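All remarks here apply to the structure that follows.
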Amino acid sequence: MAGLGEEYGLSRNAPPVATRSAIALAGFPVVAGLQLAAVLLLLWAVLSVLPSAVALRAGVPLSIATVGALGYETWRALHTRRRTPAGVAVTRRQAPKLWELIDGAAAAAGVRPPDGVTVVADATAALGERTRVLGLIGGRRDLYLGLPLLQALPPARLRAVVAHELAHGSPKLGRWAPLAYRGRVAVGRMAPRLSRRNPAGAVLRAYARFYRRMDAPFSRAQELAADRIAADHAGVADAVAALRDLPALAGMQRLFHAEYVGPGWQAGYVPDDVFGGLLRVLAARSVEMSMLRAAEPAPSGPWDTHPPLAERVAALTPEPSPAASDTAPPSDAASAPEESPAEETVSEEKPAEPDEELVPDLPALGRALQAVAFPPRGRTVVSWDECLSFARTMEMEREAEAALAAISRASDAAVPDAAHLLTLVADGRLRAAAGAVFPDTSPEEITARIVDLLGLMLALAALRGGVARWRHSWTGAAEVVAVDGANLNLAELAAAAADPETAEAVRTYLTENGFDLAARADQRAAARARVLGGLVNLSADGTRTDLLITDLGLLLVPGLPRGRGVEAKRRLTRIAADGVPAGTEPPAEPDSDQEVRRFVPFADVAGVTVLPGRRKGWVLGLRDGGNLSLRPALDADELPGGWAAWDEAVTFLAGTR
């Protein structure tokens, strides 16, 4: 272990990479100071050509204003505020076995144990340090461990993960290695947040790119060295397996949230055991997990310090030399006497590692973490089966509502439910309306679309009538079945209902069998739209307004006065976290302090017009004949991804209206 630093060029006596990274990090405050000095020199050069009396009267206030404004913007640019992830702290008394594992990993890395351990919701492990001055000054260190890791990884692999994270700050990698790593993390948080409107940002962004080039060799070598420390501590096989497990677990968690948690969350429901559901998905989808473990994960961004996975695995498992393989002794299997198949099976089994209970009562910890990471915020907590059923039904209702709205406009008649839809089929108007909605579609494709719509409406009628239910699977898509679990062949019924000659006979059959054909698609519980981005300080019809862009429409929130931009962003973030109801919120009482919000569904937007000018604007034409004019104010700002989400929304509206 003593030669580990020399192996990767990070020794105390060979300063190239770690020292160069630390020196480049120290250059940030120097560059910021030089930028401020250059601006002052330029100001004084301009003042020097003015008459003495004018220069004296104007020079002092201008210098003070320049130093104050540019200094404040520089401080804002260099001041990185680390967000603490939501989690549950685990003390030594609560989980002594887990802390014993962490202490062993810290000893292997040559660092002191972290000051605290917090279990978080994401499938990740990270060592967070409360640094100052871009990492030049260290602080409290906390280890953040994802509950999915505690659920899915055996102790040996978790030992490798923890050892790798703690090894980032190991002095075994060189005297300046801990400082260089802290700086890399701090700059990686700061650089992407440098606003283009910040007058100090251009120079700092350019220097950040230079710093990244200077730091890249050190970061690569340090990650490989941390891998080696983890392999020496936990074993090469477990270290390599952990390298493959982490991105695979993260991928499975994203799938889990997209297919299971997210739809229920948007529908206004929360499962009562989120992490228990994740464990079921991991157990049921072993094939997908194996595919993810074999895939090369995509880099998380330009500031990601990790080399490609294949390179990291190859560094830990060098190929044996040909000479070694030629001189290898014959295997025991070749010289051993032949055994019976039963004996062979027993002899090849590896003894299982003892199942250590690192955290007593892990399900209870999962429930405590769910209360922190997934607070209901007005949503209803239900069982997994109920949550998935409500979510799938609401997805169908959204799709049906949009389709029936288009058919209603094309046929110039209200079509709120399956009963009215069958009436249109019987008198031949549905095909004409579908042709108007899809003008460039072949007759066969129009028939297929009509059958799909009827199948959707019949499934809703069966669910509303209580003759069908959802059957869910942790391995695939849910399906609508009869209450007793029997197959419900709605495709044949939909095909028969699409024929005008048999539509009334199908209506009679469905009514006699309990289908609720009069159930309206828009009579559903209050769904919550998925927030895509947010903008603050816009002008909406001349009124200062903040905006949330969702997958279903736009939420307009009365804006705050000028000078309160930070508070406006914080408020909009809180509104997004609470959930955006997919409908118009009731107006506040005249004497209440609650702001009146307005939700504009995309279905109510008839078109969008882009206004020319330096500050681009937009006019949304509404189907009721009104207009909504939007234009950014001079102090407009965004939540992460806000302008990108708005551009995508405008493109969608312009292309589909």
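Summary of values
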quantity	calculated
Unit charges at the beta carbon, dipole of the range 190-268: most positive-side option, ALA239, HIS257, PRO217	PRO217
Spatial separation of Cα centroids for the range 269-307 and the range 57-75, in angstrom	50
Ranked by how many other beta carbons lie within 10 Å on average, peptides 121-130, 596-605 from highest	121-130, 596-605
Peptides 460-470, 134-144 ordered by average Cβ neighbours within 10 Å, highest first	460-470, 134-144
Heavy atoms of ASP516: accessible area, 1.4 Å probe, square angstrom to 10	60
Prolate/oblate/rounded call for the range 375-430, Cα gyration tensor, a/c under 1.5 rounded	prolate
Positive-pole candidate from ALA468, GLY565, PRO500, dipole of the range 448-584, charges at beta carbon	GLY565
The range 389-497 - percent of accessible surface contributed by carbon and sulfur, probe 1.4 Å	55
Linear extension gain, ARG562 paired with THR502, 0.36 nm per residue minus alpha-carbon span	15.1 nm
Highest average packing first - 486-493, 148-155, 646-653, 436-443, Cβ atoms within 10 Å	148-155, 646-653, 486-493, 436-443
Those GluC sites (Glu not before Pro) in the range 493-578 that DSSP places in a loop and that have at most 11 other beta carbons within 10 Å	GLU501
Whole-angstrom gap from the range 382-405 to the range 95-173, using each part's C-alpha centre	41
The range 604-643 - percent relative contact order, Cα under 8 Å, separation 6 or more	30
Unit charges on C-beta of K, R, D, E only; dipole of the range 203-323, Debye	460
Cβ-placed point charges (K, R +1; D, E -1), dipole of the range 116-226 about Cα centre in debye, nearest 20	520
Accessible area of the range 112-257 belonging to carbon and sulfur atoms, whole % at 1.4 Å probe	53
Per residue accessible area in Å² of the range 91-166, where ligands, DNA and RNA are left out and the probe is 1.4 Å	36
Cα gyration tensor, the range 73-203 - rounded (a/c under 1.5), prolate or oblate	prolate
Probe 1.4 Å, all protein chains present, accessible-area order of ARG220, ARG471, ARG379, ARG544, largest first	ARG220, ARG471, ARG544, ARG379
Cα gyration tensor, the range 189-274 - rounded (a/c under 1.5), prolate or oblate	oblate
With all protein chains modelled, accessible area of HIS472 [1.4 Å, Å²]	50
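The values are calculated or read from the model by the stated rules, or taken from the named source; none is laboratory data. Quantities reported herein were computed from a predicted structural model and do not represent experimental measurements. In this analysis, Cβ positions are derived from the backbone assuming ideal geometry, glycine residues included, and neighbour counts consider all displayed protein chains. Side chains are part of the model used for accessible areas, which takes the heavy atoms of the whole protein and leaves out ligands, DNA and RNA. Shrake-Rupley method; radii C 1.70, N 1.55, O 1.52, S 1.80 Å.
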